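Once you've had a glance at the structure underneath, I'll fire off some questions.
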Amino acid sequence: MGKLTDALKKAAQERLARIERIDGKSEVKYEFIAKKTLNSKIDPRIIAFYDPQSPISEQYRSLRTNIQAINSKTPLKALAITSSTHSEGKTITAINLAISMAQDLNKKRILLVDADLRRASMTKYLGLDAHPGLADLILDGINVDTAVLDIGIENLTILPGGKIPRNPAEILGSPKMANLIGLLKSKYDYIIFDTPPIIPVTDAGVIGAQTDGVIMIIMANKTQKGVVKHSENLLKQSHSKILGYILTNIQYHIPAYIYRYL
């Protein structure tokens, strides 16, 4: 119980707690959005960067451990992150996961790729310029080293999306993309591709078929069971291997008597 008490105490001290009335009982609800204490343009929702010791960062470390423990005939190096529809938290999850993997004591080399060539929102969360990037590597044949970015996090490299092309699915499914993935696998220990949602467009399935597996984001109290099932079928039809699921938007409530004890 000591570790749990310490974690709850730290959360109570470092975050703003708001008291809500739920079923006639007072509870403390914690919002896991970090306060910016560093001079950075990174979005405060990237909790693994701003507060790596927080309880929610520990969840990302647990996810990292689970991924590394997956039994597979070949080592998992290239992973695709997708969701059923927009606004389910896939990009924030991909960024936090990549940072957590980069913080691994084993010093693994991590590459985070913005493979959403339709929106390319990952760089907005990181406060980066999206150009040049993945699309430029494939279309213009520029050198990888001119496109990847170092944002000051040890062991983590970022590959932005680049210019928005007219035919993203064709580009992502091209032989040049397959060759690029092979090259990146030789340079990095893990590659995380942030892809578009699977239902609106085919991009996630196209990339998923070329990677070692897909992780699907599901938002609690939003994503319906039938939608998840449809997403699974689309990924299977594209010959993508589904590694697992991540549930986002979970609200943690700590009883008021525990808060008073702290």
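The values are calculated or read from the model by the stated rules, or taken from the named source; none is laboratory data. It should be emphasised that the depicted structure is a prediction, and the values quoted were computed from it without experimental measurement. Glycine also receives a Cβ, built like all others from the backbone with ideal geometry; neighbour counts cover every protein chain displayed.
For H86, which of the numbered conditions (1) without any contact (Cβ under 8 Å) to a residue 40 or more places away in the chain; (2) within 24 Å of Y245 (Cα to Cα); (3) in a loop (DSSP other than H, G, I, E, B) fails to hold?
Only one criterion in (1) without any contact (Cβ under 8 Å) to a residue 40 or more places away in the chain; (2) within 24 Å of Y245 (Cα to Cα); (3) in a loop (DSSP other than H, G, I, E, B) is unmet by H86, namely (1).
Turning to a different aspect of this structure: Restricting to the range 94-143, and then to whatever is within 15 Å of the chain's Cα centre (by Cα), among the small types (G, A, S) and part of a helix (DSSP H, G or I), can you tell me which residue is farthest from F49 (Cα to Cα)? If you could, list the steps in order and put the result at the bottom.
Kept after step one, since they are within 15 Å of the chain's Cα centre (by Cα), are these residues of the range 94-143: 94-103, 110-116, 120-126.
From what is left, the residues that are among the small types (G, A, S) are 94, 98, 100, 102, 115, 120-121.
Going one step further and asking which of them are part of a helix (DSSP H, G or I), we end up with 94, 98, 100, 102.
On the way: A94: 13, A98: 10, S100: 8, A102: 11 Å.
Across the range 94-143, the extreme among qualifying residues is A94.
Any residue at all in the range 154-163 that is among the β-branched types (V, I, T) and over 20 Å from R64 (Cα atoms)? Can you show your working first?
At the first step, the residues of the range 154-163 found to be among the β-branched types (V, I, T) are 157-158.
From what is left, the residues that are over 20 Å from R64 (Cα atoms) are none.
No, the conditions are met nowhere in the range 154-163.
Output the residue which, of all residues in the range 202-211 that are in contact with a strand residue (DSSP E or B) (Cβ under 8 Å, 6 or more places away or on another chain) and surrounded by 21 or more Cβ atoms within 10 Å (Cβ to Cβ), is nearest to S174 (Cα to Cα). Show your work before the answer.
Taking the range 202-211 and keeping what is in contact with a strand residue (DSSP E or B) (Cβ under 8 Å, 6 or more places away or on another chain), we get 204, 207-208, 210-211.
Checking the rest, the ones that are also surrounded by 21 or more Cβ atoms within 10 Å (Cβ to Cβ) come to 204, 207-208, 211.
On the way: A204: 14, I207: 10, G208: 13, T211: 14 Å.
Restricting to residues being in contact with a strand residue (DSSP E or B) (Cβ under 8 Å, 6 or more places away or on another chain) and surrounded by 21 or more Cβ atoms within 10 Å (Cβ to Cβ), the top hit is I207.
Before we move on, is P197 at pLDDT 95 or above and touching a Ser or Thr at 6+ places or on another chain (Cβ under 9 Å)? If you could, list the steps in order and put the result at the bottom.
On the way: at pLDDT 95 or above: yes; touching a Ser or Thr at 6+ places or on another chain (Cβ under 9 Å): yes.
The answer is yes for P197.
Filter the range 87-137 down to the residues that are touching a strand residue (DSSP E or B) at 6+ places or on another chain (Cβ under 8 Å) and on the phi > 0 side of the Ramachandran plot, then identify the one that is surrounded by the most Cβ atoms within 10 Å (Cβ to Cβ).
Restricting to residues being touching a strand residue (DSSP E or B) at 6+ places or on another chain (Cβ under 8 Å) and on the phi > 0 side of the Ramachandran plot, the top hit is A120.
Counting only residues that are closer than 19 Å to G89 by Cα, out of contact with any Lys or Arg (no Cβ under 9 Å at 6 or more places or on another chain) and buried (at least 18 other Cβ atoms within 10 Å of the Cβ), how many does the range 168-201 have?
So the answer is 3.
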